[in-house]
Structures are given as C-alpha cells and as structure tokens.
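Written out below as structure tokens is the structure these notes cover.
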Amino acid sequence: MKNTNKRGFTLVEMLVVVIIIGILASIALPAYQKSVEQSRAAQIWPLLKSMANAAQVYSMSRGNFPTTFDSLSVLPPSWSGTEKFSTWSYITDTRSDGEWSLQMYPNSGYGNLVIYAGRLKGKYKGAGFRIQIKKGTSPLTDEMVITCVERENGGLKFEEPAGAYCVDIFDGKPADYSDSLRYYYLP
C-alpha cells in the first residue's frame with residue numbers, strides 16, 4: 001500500500017493568512033493612492049509652470065499680463081475649448097483636457113495674474129493648484145506664489161473633507177481661506 005499522507009491547510013491557517021493580507025493591504029493602499037495622485041499632479045505641474053513663465057515673459061515684453069492662453073502659445077493641442085467651469089465673471093480664459101481645467105484670472109487693477117489648474121473628475125474633483133504672479137516694481141521683481149487649492153463653491157466643489165487633497169496628499173500647510181477657496185502652502 002502506498003502511503004499518501006497529504007496534508008492541506010486548516011481553516012485556522014487560512015484565516016490567519018487572509019487576516020495578514022488584509023492588514024498589509026490596509027497599510028499599503030493609502031500609500032499607493034497617495035503615490036497615484038502625486039503622479040497625476042506631476043503631469044500638470046510642468047504645464048502650469050511653463051504657462052506662468054510664459055506669462056512673465058509676456059509681461060516683460062508688453063508691460064501687462066496676458067488675458068488668454070492663446071497669447072502664451074504653450075498649450076498642447078489636446079487642451080481645447082473655452083467652457084467655463086466656474087460662475088466667476090473675471091475668468092478670461094478656460095481650457096480643458098477632460099481631466100484638468102485651466103483657468104486664467106488677470107486682475108489688472110491689482111497688477112497680478114492667477115493661473116489655476118483644477119481636477120474635473122475623480123475623488124479629488126474640485127481640487128488643484130494655483131500660481132499667482134504678483135507684479136513687482138519691475139518684471140524682474142515679480143513674485144510667484146504657488147498654492148494648493150480646494151474649492152468650497154464657485155464651480156466644481158471639492159466634496160472630500162478639508163485638507164484631504166492638499167494636506168493628506170501633498171503635505172500642504174493651511175495658508176488662507178475665502179468663502180470659495182481653501183489655500184495651502186506646498187512644502
């Protein structure tokens with residue numbers, strides 16, 4: 001007679017393995033989600049910074065800030081349309097690639113320009129980044145302030161708890177709050 005002593009897993013052993021996998025997944029999943037969101041934002045950063053730099057060059061050559069993205073000639077062809085995603089009347093140009101919205105807010109009375117990039121879809125819809133160029137005494141003394149933003153109203157409202165995008169994902173520090181936006185300084 002052949003001795004086939006096959007031993008399988010017991011139910012207790014199987015449950016222990018499932019519990020360990022569950023614990024590891026609960027630890028790894030938030031870190032994974034944070035990394036994914038940081039990589040999505042990394043896709044918009046170069047475009048946002050190049051637009052701010054182009055706006056400064058435009059300001060140096062013309063003495064005022066641009067009012068449209070067409071003036072900057074840095075948007076790729078996939079960014080199209082002028083649909084406004086906000087009710088604010090002082091937006092002079094809006095573009096979208098379906099995932100992100102770009103908005104331009106020139107404020108000639110105060111001598112500054114704001115370029116905003118906001119998420120249009122997903123869990124963090126209504127959050128994004130803002131570059132404000134404050135006019136100095138000369139174009140060389142212009143100041144660029146970069147913040148993370150979560151919208152309270154005035155467009156696509158950020159539905160997650162305060163800080164879920166700017167603090168939890170990007171380690172931002174609270175900077176300011178208005179009735180429509182929460183601002184966070186980035187490290």
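Read-outs: derived from the displayed coordinates by stated rules, not from any lab. These figures come from a predicted structure and were not determined experimentally. Every residue, glycine as well, gets a Cβ built from its backbone with ideal geometry; the counts of neighbours run over all protein chains shown.
Using Cβ counts within 10 Å as a stand-in for footprinting exposure, how do TRP100, TRP79, TRP45 rank, fewest first?
Details: TRP100 22, TRP79 16, TRP45 12.
Result, fewest neighbours first: TRP45, TRP79, TRP100.
Between helix 11-62 and the chain, what is the angle of the helix's C-alpha long axis to the longest principal axis, kept within 0 to 90° and rounded to the nearest 10?
It works out to around 10 degrees.
Could you give each residue of segment 160-165 its phi-based ³J(HN,Hα) in whole Hz, using Karplus coefficients 6.51, -1.76, 1.60 with θ = phi - 60°, and x for Gly or Pro?
Per-residue couplings from phi come out as 7, x, 3, x, 4, 9 Hz.
What does the net charge come to around PRO174 if you take all other residues with beta carbon closer than 15 Å to its beta carbon, with K and R at +1 and D and E at -1?
On the way: positive: ARG130, LYS173, ARG182; negative: GLU150, GLU152, ASP168, ASP171, ASP176.
Overall, the nearby charge balance is -2.
Considering only VAL74, VAL145, ALA31, whose Cα is most displaced toward the positive end of the charge dipole of the chain, charges sitting on Cβ of Lys, Arg (+1) and Asp, Glu (-1)?
Checked the options; the winner is ALA31.
So what is the 222 nm mean residue ellipticity for the chain from helices alone, if each DSSP H run of at least 4 adds -39500 (n - 2.57) and you divide by all residues, rounding to the nearest 500 deg cm²/dmol? Kindly include the intermediate steps, with their values, before the conclusion.
Details: 1 runs with 52 residues, N = 187.
Dividing the helical sum by the residues of the chain leaves -10500 deg cm²/dmol.
Given (i) 0.93; (ii) 0.98; (iii) 1.24 as candidate values of Rg/Rh (Cα atoms, Kirkwood Rh), which corresponds to the one derived from the coordinates?
Among (i) 0.93; (ii) 0.98; (iii) 1.24, the one calculated here is (iii).
In what sequence do ASP70, ASP142 fall when counting other Cβ within 10 Å, fewest first?
Numbers: ASP70 11, ASP142 20.
Fewest-to-most ranking of ASP70, ASP142: ASP70, ASP142.
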